[in-house]
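Okay, structure first, notes after.
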Amino acid sequence: VRFRRQHEELMILAAKLQAELVPGRVAADPAAARRLLARFRGLLLVHAAMENDALYPSLLDHRDANVRARARALFDEVGTIYDGVRQHGERWASPERIQAEATVFVQETLALLKTLGKRMARENAELYPLADANVSA
């Protein structure tokens, strides 16, 4: 339940971020865009750490090979996505760079948010039912 609630919080913050991602607005106040993105990234990484500590271990060691395989695939996929989030943060670490390339920043950030949104939808549809079944088993 708390993971689903975190997803809701992340999606609300992502929607706020998306609304702010207008090249002219970003170019005018790149520091504000960077702060909002950093807040989102921080919340996402807290969520990821909680999942890695509280959710994945039981699924990756599950007695059912199908559950283990599905959990492994999702775990590996999320690792790749979170690595992309880290790289994005490094690429756009300075407000000056964001301001100089506001349109590219907006495009890359929107693409990243879209990927994360799809991933969260998959977790809701695939991972959390596995976890729910594991708790009741």
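The values are calculated or read from the model by the stated rules, or taken from the named source; none is laboratory data. None of the values given here were measured: they were computed from a predicted structure. Reconstructed Cβ throughout: ideal geometry from the backbone, glycine too, with neighbour counts over all protein chains shown. With ligands, DNA and RNA removed, areas are computed over all heavy atoms of the protein, side chains included. Shrake-Rupley method; radii C 1.70, N 1.55, O 1.52, S 1.80 Å.
Do we find a residue being more than 25 Å from Leu130 (Cβ to Cβ), of a type in the set (D, E, K, R) and at pLDDT 85 or above anywhere in the range 54-70? Among the residues of the range 54-70, not one is more than 25 Å from Leu130 (Cβ to Cβ), of a type in the set (D, E, K, R) and at pLDDT 85 or above, which makes the answer no.
Taking (1) over 16 Å from Leu116 (Cβ atoms); (2) assigned to a helix (DSSP H, G or I) in turn, Glu77 satisfies each apart from (1). Which one is least open to solvent (accessible area, probe 1.4 Å), of the residues in the range 48-72 that are touching a residue at least 24 places away in the same chain (Cβ under 8 Å) and not hydrophobic (A, V, I, L, M, F, W, C)? Among residues in the range 48-72 that are touching a residue at least 24 places away in the same chain (Cβ under 8 Å) and not hydrophobic (A, V, I, L, M, F, W, C), the one least open to solvent (accessible area, probe 1.4 Å) is Glu51. Beta carbons closer than 6 Å, at least 6 apart along the sequence or on distinct chains, pair a first residue in the range 90-103 that is closer than 15 Å to Arg35 by Cα with a second that is small (Gly, Ala, Ser) and loosely packed, with under 14 Cβ neighbours inside 10 Å for Pro95/Ala31. Looking across the range 84-107, the residues that are open to solvent by less than 60 Å² (accessible area, probe 1.4 Å), out of contact with any Asp or Glu (no Cβ under 9 Å at 6 or more places or on another chain) and assigned to a helix (DSSP H, G or I) come down to Gly84, Val85, Gly89, Ile98, Ala102, Val104, Phe105, Val106. The residue that is modelled with the highest pLDDT, among those in the range 33-47 that are aliphatic (A, V, I, L, M) and exposed (fewer than 14 other Cβ atoms within 10 Å of the Cβ), is Ala38.
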